[in-house]
Amino acid sequence: MRASAQPDRRGYFGAFGGRFVPEVLAFALDELESAVDAAFADDAFWSDFHGLLCSYVGRPSPVYRARRFERCAPVVVKREDLNHTGSHKINNTLGQALLARRMGKERLIAETGAGQHGVATATVGAKFGFPVDVYMGARDVERQEPNVALMRMLGARVHSVTSGTQTLKDATNEAFRVWAAEVERTFYVIGSVVGAHPYPYMVREFQRVIGDEARRQCLEEHGRLPSDVVACVGGGSNAIGIFTAFLGDDVRLWGVEAAGKGTQSGETAASLSAGSIGVLHGSRSYLLQTADGQVCETHSVSAGLDYPGVGPEHAYLKESGRATYVSVRDDEALTAFHDFAAAEGIVPALESAHALAFARTLSRERNSSDLVLVNLSGRGDKDLAYVRGLSSGA
Amino acid sequence: MSSRLESALRKHKPAFIPYLMAGDPDLETTEAVAHAVRACGAAALELGVPYGDPLADGPTIAAAGQRALERGTRMCDVLALASRLRDAIPIVLFTYYNLVHAYGLELFAQDAVRSGVAGAIVPDVTLEELDDVQPIFEKHGLAMPLLVAPTTPAQRAGTIARRASGFVYVVSRLGVTGASAAPNVDALRGQIAGLREATRLPLAVGFGISTRKHVEAVAPFADAFIVGSALIDAYSGTSGADAVRRVELLAYELLGSSFRGG
Ligand SMILES: Cc1ncc(COP(=O)(O)O)c(C=O)c1O
C-alpha cells in the first residue's frame, strides 16, 4: 500500500476534499474507491503500470540543467514534455485506463480544456480498445483545433459543450452529467487532482512518479536534493506529482498559478491566490467565485490553467504552509515561453512557462549551491499557432 | 414546519409537487405561476435557486437557471419570494451546496425558516457530507429531504430514508433532470417497497415525469410526484398571464380528474 497519511477515510486533506456529488454517482465513487484500494495493494497492478510508463510513455523522463536560462542558482527541469503525447497527462490516463479495464468498464469519458488530457485519454482509449467520448467547451474546441483533430484521429468522439462559459468548467459539468446517465458501464477519467474522493488521491498516486524519479535524479546527478521545487497549478496534478516525493524533505515547494491579467484584475485563474473556499466538481477547496457562491469565469493565456477551482490537496498544503502559492501573469509567462525556447532549444507548454517564469526569479535570488527543480509539464507545439497569433496581432 | 409539509403531501395521493426556477424569466412570473399551480392542486412547491453549475440538472433546468441569473436573481431574492408565498403553499428550496456555503450554513438555515421555507433539498450533499449540514438544518427546524437514486444499494437507501426529513425524493431514472426519458416503473416499484420498510415519510418520485401517462404509472405506489423540466418547458419564452395559461394547461393534462381548475 503506497497511501500516505492524507487524505483521511472520507477523502479529506485537512478541511479540503470530500465528496459532494448527486446521489446517483455515490455508488460509482464507492465502486471506484474499492477498485483503487484493491489495485493499489496489488503489485501486479503497479508492475503493469510501471512497465507501460517505461515502454509506452518513455519514462523515466530526464532532468536537464537549463544553463542558459538560469540566473544564479542552477535550474533543472523535469522533462515531462518528452512523454508520449507531450505532457504529464498520460501518466494519469494510463493508470485510470488500467483501472477501468480491471473494473470491466466499457467506455471512457473525459473533460478537456486545452485538449492535452483529451488527447491523453483518446490515446489510452485506442491502446486498450475503449470507445472514448471527450467533452470540451465550444470556445476551447475553436481555440485548440489541432488537438481536436488529433483526438478524432485517435478515434475519440469530441463533443462541443455550449452551456455556461463554454470552457473547461462547463466541459467538466457535462462529463459529470453524462457519467450520471451511464454510470454503470462508463469510467470517468478526470484529468487532474480534482473531483470527488477518491479522484484527487488516485490521480496523485499516478502522477507521483514525476517526483519519485526527479528526487532520485537530483541526488544521483547533482549530489543533493533541490532547494526549491516549482510547478504550475491548474487543477494541480503536475504540481502534486512532483511535490509528493519531497513532502518529508527540507525542500521549499512552490505552486505557480495563472494570474491572467493580474490577480486583482477580475481576469485571472489564480484560485488559491485570489479565490475563497467553496465546493466545485465534488470537493471542497479554493475557488474563484462571487460573494453569492456563483463560480466565476476565468482567464489565462494558457487553456490548461484556465480553471476556477484547484485540487483540495493544494488547499491543504497552502493552509498548512507546507507549500507556497504564487502567481505569474500572461505577459510574464509569454516572455518565459520565448526566452526558454531561445535559450535552451525547448518550446515549453504555456502552462509550464508559468513555472519557468517564477523559477528564473528564484534562480536570481538563490545561491549557486542551491538547486531549483522545475516541472516542465508539457511541450509547446500545441501553443505555437496561438502564440504566433498574439505576436502578429501586437 | 416539516409537519406542515408532510401533512400537505398526505392530502392527495399522489400529491403534485411542481418545481419552478425562481426568477425564470422573472420573479413576478414565478410568483404568478406558483399561485396558479397551487390553485390547480399542487400540494407543495419546489423552488430552484439559480446556480451556474448545476451538476444534477439537464439542459432545461440549467438554461432556466442561466436565465434567472442573467436577471440577477440571488438567494436573498428567492427567500423574499418564498416569504410572499409562504401562506399559499409549503415551500422546499432546491439549492446546490456552494450557494448555501457562501451564504453561511447557519445563516441560511435561519433565514430560510424565517422566510417560511419548510425544507431544503441540497442535491450535492449526500450521506458522506450530511453530518456537517443536517444538524444545522435540524436545529433551525428546516427539513432536509434526501435523494435516493436507481444506483443506490438497498442498505444505503434505507439509511438515507431514515435520515431524511419532510419526504424522500426517489429519483426515477439514471442521469440528470429533464423531460426526455420515461421513469423505469418496475425498478421504482421495487425500490419504493424497500423504502417503505425504512421510513413512514412520504415518498416522492421525480426526474423525467412529464406526461399524464408517467403520473399514472407511478401513482399506484408513490405518495407524490415532482414535475420540473416539463413545466419549465411549458412556459419558457413566455411570462406573466401567458405563462400562467400554459402552466394551467399542463397541470390539467398531468392531473386529469384531480385537477382543481385554475
Ligand atoms: C502541459 C500542461 N501543464 C499543466 C496543465 C495543468 O494541469 P495540472 O495543474 O493538473 O497539472 C495542463 C493542463 O492541460 C497541461 O496541458
Next item on the list: Would you please name the residue that is most open to solvent (accessible area, probe 1.4 Å), looking only at residues in segment A:381-394 that are without any contact (Cβ under 8 Å) to a residue 60 or more places away in the chain and either part of a strand (DSSP E or B) or within 16 Å of the ligand (Cβ to nearest atom) (or both)?
Entry: A:LEU384
Note to self: For segment B:101-129, give me each residue that is closer than 21 Å to A:TYR12 by Cα and away from every other protein chain (no Cβ under 11 Å).
What the structure shows: B:LEU105
Next item on the list: Restricting attention to segment A:96-121, report how many residues are small (Gly, Ala, Ser), within 14 Å of the ligand (Cβ to nearest atom) and in a helix (DSSP H, G or I).
Entry: 2
Check: Inside segment B:74-100, can you point out the residues that are within 10 Å of chain A (Cβ to nearest Cβ), in a loop (DSSP other than H, G, I, E, B) and not β-branched (Val, Ile, Thr)?
Finding: B:ARG74, B:TYR96
Next item on the list: Have a look at A:ARG366, A:ARG360, A:ARG329 and point out the one that is more than 13 Å from the ligand (Cβ to nearest atom), under 15 Å from A:GLU257 (Cα atoms) and either open to solvent by 50 Å² or more (accessible area, probe 1.4 Å) or not hydrophobic (A, V, I, L, M, F, W, C) (or both).
Entry: A:ARG329
Next item on the list: Identify the residue in segment A:20-33 that is surrounded by fewer than 22 Cβ atoms within 10 Å (Cβ to Cβ) and among the charged types (D, E, K, R) and, among all such residues, is farthest from the other protein chains (Cβ to nearest Cβ).
Entry: A:GLU33
Item checked: Complete set of residues in segment A:171-194 that are open to solvent by less than 20 Å² (accessible area, probe 1.4 Å) and touching a Lys or Arg at 6+ places or on another chain (Cβ under 9 Å) -> A:THR186, A:PHE187, A:GLY191, A:SER192, A:VAL193
Next item on the list: Name the single residue, out of those in segment A:244-270 being of a type in the set (Gly, Ala, Ser) and farther than 16 Å from A:VAL301 by Cα, that is nearest to the ligand (Cβ to nearest atom).
Entry: A:GLY255
Checklist line | Pair list, Cβ < 9 Å and 6+ apart or interchain, from segment A:86-115 residues that are within 14 Å of chain B (Cβ to nearest Cβ) to residues that are part of a loop (DSSP other than H, G, I, E, B) and away from the ligand (no atom under 14 Å from the Cβ) | finding: A:ILE109/A:GLU182
Check: Does A:GLY17 meet the test of being touching a residue at least 60 places away in the same chain (Cβ under 8 Å), within 14 Å of chain B (Cβ to nearest Cβ) and within 30 Å of A:ALA357 (Cα to Cα)?
Finding: yes
Checklist line | Selection count where residues are facing chain A (nearest Cβ under 10 Å) and open to solvent by 10 Å² or more (accessible area, probe 1.4 Å), scope segment B:57-69 | finding: 5
Next item on the list: Return yes or no: is B:GLU31 at pLDDT below 95 and either in a helix (DSSP H, G or I) or of a type in the set (Asp, Glu) (or both)?
Entry: no
Margin query: If a residue must be open to solvent by less than 40 Å² (accessible area, probe 1.4 Å), without any contact (Cβ under 8 Å) to a residue 60 or more places away in the chain, over 20 Å from A:GLY378 (Cβ atoms) and of a type outside the set (A, V, I, L, M), how many such residues does segment A:208-266 contain?
Written below: 2
Note to self: Quick check on segment A:64-95: of everything there that is over 27 Å from A:ASN147 (Cβ atoms) and hydrophobic (A, V, I, L, M, F, W, C), which residue is farthest from the ligand (Cβ to nearest atom)?
What the structure shows: A:CYS72
Note to self: Every residue in segment A:214-225 that is in a helix (DSSP H, G or I) and either within 16 Å of the ligand (Cβ to nearest atom) or touching a helix residue (DSSP H, G or I) at 6+ places or on another chain (Cβ under 8 Å) (or both), please.
What the structure shows: A:ALA214, A:ARG215
Item checked: Matching residues in segment B:30-56 - criterion: being among the small types (Gly, Ala, Ser), in contact with a helix residue (DSSP H, G or I) (Cβ under 7 Å, 6 or more places away or on another chain) and more than 10 Å from chain A (Cβ to nearest Cβ) -> B:ALA32, B:ALA34, B:ALA36, B:GLY41, B:ALA43, B:ALA44, B:GLY48
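Being within 13 Å of the ligand (Cβ to nearest atom) and not in a loop (DSSP other than H, G, I, E, B) is the filter here, so list the residues in segment A:226-243 that pass it.
Filtering segment A:226-243 down to residues within 13 Å of the ligand (Cβ to nearest atom) leaves A:230-243.
Of everything in segment A:226-243, those that are within 13 Å of the ligand (Cβ to nearest atom) and not in a loop (DSSP other than H, G, I, E, B) turn out to be A:VAL230, A:ALA231, A:CYS232, A:SER237, A:ASN238, A:ALA239, A:ILE240, A:GLY241, A:ILE242, A:PHE243.
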Note to self: Regarding segment A:191-200, can at least one residue be identified that is of a type in the set (A, V, I, L, M), under 30 Å from A:VAL63 (Cβ atoms) and more than 10 Å from chain B (Cβ to nearest Cβ)?
What the structure shows: yes
Notebook entry, point to check: Tell me, which residue of segment A:332-345 that is in contact (Cβ under 8 Å) with a residue 40 or more places away in the chain and either within 16 Å of the ligand (Cβ to nearest atom) or in a loop (DSSP other than H, G, I, E, B) (or both) is most open to solvent (accessible area, probe 1.4 Å)?
Noted result: A:LEU334
Note to self: Condition check: more than 13 Å from chain A (Cβ to nearest Cβ), within 21 Å of A:ALA28 (Cα to Cα) and either in contact (Cβ under 8 Å) with a residue 40 or more places away in the chain or part of a helix (DSSP H, G or I) (or both). Does B:GLY158 satisfy that?
What the structure shows: yes
Notebook entry, point to check: Can you name every residue in segment B:139-148 that is away from chain A (no Cβ under 14 Å) and within 19 Å of the chain's Cα centre (by Cα)?
Noted result: B:GLY141, B:LEU142, B:ALA143
Note to self: On the basis of being among the β-branched types (Val, Ile, Thr), in a loop (DSSP other than H, G, I, E, B) and under 26 Å from A:ALA175 (Cβ atoms), does B:THR177 make the cut?
What the structure shows: yes
Item checked: Count of residues meeting criterion [charged (D, E, K, R) and surrounded by fewer than 24 Cβ atoms within 10 Å (Cβ to Cβ)] in segment A:303-325 -> 3
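The values are calculated or read from the model by the stated rules, or taken from the named source; none is laboratory data. Since the model is a prediction, treat every value here as computed from it, not as a measurement. So basically every Cβ, Gly included, is an ideal-geometry build from the backbone, and we count neighbours across all protein chains shown. Ligands, DNA and RNA are stripped out before the accessible areas are found, and what is left, the full protein with its side chains, is counted by its heavy atoms. Shrake-Rupley method; radii C 1.70, N 1.55, O 1.52, S 1.80 Å.
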